[in-house]
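Okay, structure first, notes after.
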Amino acid sequence: MIPKTHPRYKSLMLREKIIDGWKKGIVATAGLIAHGRGEAFDYMLGEKTTLPAKKAIKAAAASLLLSKNPVISVNGNTAALSAKDVVKLAEVIGGKIEVNLFHRTVKRARKIKKILMKAGAKEVLGIDEKLKHIDVDSNRSTASPHGIYNADTVLVPLEDGDRTEALVKSGKTVIAIDLNPLSRTSQTATISIVDNIVRALPKLYEEVVKLKNKNKEELKEIIEKFDNKKNLEEVLKLIEIERYKSHRSSRTSRSR
Ligand code: PTJ
């Protein structure tokens, strides 16, 4: 048991969730490694939702509200960490939920669907239906004709770069949630939210609720003002500042 007083309690609890998801066959083995990479970036960002992340979340909320067919793509890590938040967001944006896996097996996809249904989803696409394929070499190419295939906006948490590139190329708006600002996903998505999914999804929900009554012009203005490349540069600067701060504090504590 992890004591609540442990200074890294929240981070360790997330680890437990991922491990538990892996034991239940929801998270791919590679998902454990991907989580560790996420942890490292989260650490460097101070384990909080930064100002650039907040800006990206606002642009993403506006974009989701302007979309006609938004779809949330769910993989093993997303299901293990954030199933309820995915369902809540899908409801408020009137969007679909689709399972899309890199290490795809039908057995794991069905388990992920089950978790999402248990969390309140009425429909989960991408499994028991005739699927189409987009232009990607990996198993991530699957796309439901009722979901991602015909979506105008796709939310892709913890993604790999290939599919993001292909989705953007096909004219879709891609919103990424990825703690690595240098990943191909972050670099190629239309809007990149560099934040932990467990913080980003509830904040995205709140922002959608806040912007829901704005008119189309106001929403478009929010998107036009947002510059993804500049925002990612701001994230990298923050990592540099955190590094400087921790370097200074370790020198100070050593000299004490
Ligand atoms: O369930 P599957 O089969 O689809 O597989 C899922 C994984 C995550 C294994 C697969 O998509 C993969 O290999 O992803 P990558 O290429 O490792 O990329 C995952 C990205 O998510 C990395 O850039 C991590 O930094 C980031 N990441 C990890 N945990 C989190 C995260 N971003 C936000 N929140 C997290 N909790």
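Details
- For the chain, accessible area per residue (1.4 Å probe, heavy atoms of protein chains only), Å²: 54
- Solvent-accessible area, 1.4 Å probe, carbon plus sulfur percent, for the range 51-235: 50
- Computed per residue of the chain from DSSP H runs no shorter than four, each worth -39500 (n - 2.57), the mean residue ellipticity at 222 nm is -18500 deg cm²/dmol.
- About the centre of its Cα atoms, the range 51-235 shows a dipole size close to 660 debye [charges on the beta carbon of Lys, Arg (+1) and Asp, Glu (-1) only; nearest 20 debye].
- Estimated from the Cβ-Cβ distance and a Förster radius of 25 angstrom, the FRET efficiency linking H146 and K212 is about 0.55.
- Share antiparallel - DSSP beta bridges, the chain, percent rounded to 5: 10
- Applying the Karplus relation 6.51 cos²θ - 1.76 cosθ + 1.60 with θ = phi - 60° to the range 100-106 yields 3J(HN,Hα) values of 9, 10, 6, 9, 6, 9, 5 Hz, where x marks Gly and Pro.
- Each residue of the range 181-252 gets 121 Å³ once the volume of the Cα convex hull is shared out per residue.
- With Cα atoms, 0 to 90° folded angle of helix 228-255 axis to the chain main axis: 30
- Dipole of the chain, positive end: most advanced residue of T5, S246, G25 [Cβ charges, Cα centre]: T5
- As computed over the chain, the Cα convex hull volume per residue (Å³): 135
- Note that the range 71-80 has calculated 3J(HN,Hα) couplings of 10, 9, 8, 10, 10, x, 5, 4, 5, 5 Hz, one per residue in order, obtained from phi through the Karplus relation 6.51 cos²θ - 1.76 cosθ + 1.60 (θ = phi - 60°); glycine and proline are x.
- Taking amide hydrogens as placed 1.01 Å from N in the peptide plane, the amide H of S192 sits under 5 Å from those of A176, each at least 5 positions away in sequence or on another chain.
- Linear extension gain, R110 paired with E123, 0.36 nm per residue minus alpha-carbon span: 3.4 nm
- Residue among T142, L101, V87 farthest towards the positive dipole end of the chain, charges placed on Cβ: V87
- Looking at the range 163-254, none of the GluC sites (Glu not before Pro) sits in a DSSP loop with at most 13 other Cβ atoms within 10 Å of its own Cβ.
The values are calculated or read from the model by the stated rules, or taken from the named source; none is laboratory data. Remember, it's a predicted structure, so these values are computed and weren't measured experimentally. Neighbour counts are summed over all protein chains in view; Cβ atoms, including those assigned to glycine, are modelled from backbone coordinates with ideal geometry. With ligands, DNA and RNA removed, areas are computed over all heavy atoms of the protein, side chains included. Shrake-Rupley method; radii C 1.70, N 1.55, O 1.52, S 1.80 Å.
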